[in-house]
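This report refers to the structure that appears directly beneath it.
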Amino acid sequence: MLKILETLGDQEQAGIQAKLMFDRGRTRETLGRLLAIVGQESKPAIIEDACNAIRAQDTFSSSDTEFLLDVGCLEDAEEHVLRFSDQLNGRLYTCLLPIATTLAKRKKALAATMVYRALLESILARAISKYYTHGVRYLRRLDQLAAKIEDWRGHPNHAAYMAQLKEDHGRKRSFWSRYEG
């Protein structure tokens, strides 16, 4: 549809269509398509509108978090993760792991911690030992991140989290032996 409108020279309708596509799926690609039609000078306003829309959401969106990280809205990405940390589904590791990695690299340790915790808890809840290597890696990453967090903002600190983790999953000897080994 967008290509047809562009071919017909209907820039106004093409812009409307590109904006609808962007609003349905905020990605670097849909932003690029929209900016190609409306002009680069609109980029700050479009990003600000997108950030406002994401702030108004009432559920977690990994794709919106990725978008926020892609366009450099680190604080918004951090707040989105922290606000909906109870909604993070660790089974969606293909989406969450890059988010956790990026947050950690960009010094957003608390938000990265919440994502790594979701990933770890998903592995331990499934109790499939072949995935424990990943869980051990996440827990070691949590150990490293904990030293960088001064304000836990109401979330359990690392010591409390570890105590709860051992209480909930202490019988998973295969996991703990890999972690301690």
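Remarks
- The stretch 105-116, residues that are more than 24 Å from Asp168 (Cβ to Cβ) and either at pLDDT below 95 or surrounded by fewer than 23 Cβ atoms within 10 Å (Cβ to Cβ) (or both): Lys105, Arg106, Lys107
- Just one of the listed residues (Leu165, Leu119) is surrounded by 18 or more Cβ atoms within 10 Å (Cβ to Cβ), farther than 22 Å from Glu79 by Cβ and either at pLDDT 95 or above or β-branched (Val, Ile, Thr) (or both), namely Leu165.
- Looking across the stretch 1-56, the residues that are at pLDDT 90 or above and of a type in the set (Gly, Ala, Ser) come down to Gly25, Gly32, Ala36, Gly39, Ser42, Ala45, Ala50, Ala53, Ala56.
- Met114 in a helix (DSSP H, G or I) and in contact with a Leu (Cβ under 7 Å, 6 or more places away or on another chain): yes
- Any hit, the stretch 63-74, residues being modelled with pLDDT under 95 and among the hydrophobic types (A, V, I, L, M, F, W, C): no
- Check on Lys172, surrounded by fewer than 17 Cβ atoms within 10 Å (Cβ to Cβ) and assigned by TED's automatic domain parsing to the domain that holds Thr65: no
- Matching residues in the stretch 131-146 - criterion: being surrounded by fewer than 13 Cβ atoms within 10 Å (Cβ to Cβ) and more than 21 Å from the chain's Cα centre (by Cα): Thr133
- Single residue of Leu97, Leu110 found to be touching an Asp or Glu at 6+ places or on another chain (Cβ under 9 Å), more than 22 Å from Glu167 (Cβ to Cβ) and aliphatic (A, V, I, L, M): Leu110
- Residue match in the stretch 139-154 (condition: closer than 29 Å to Arg26 by Cα and outside any helix (DSSP H, G or I)): yes
- For Ala77: the one exception among (1) more than 25 Å from Tyr179 (Cβ to Cβ); (2) surrounded by fewer than 22 Cβ atoms within 10 Å (Cβ to Cβ): (2)
The values are calculated or read from the model by the stated rules, or taken from the named source; none is laboratory data. Since we're looking at a predicted model, the values are computed, not measured. Note that each Cβ is placed from the backbone with ideal geometry, even for glycine, and that neighbours are counted across all protein chains shown.
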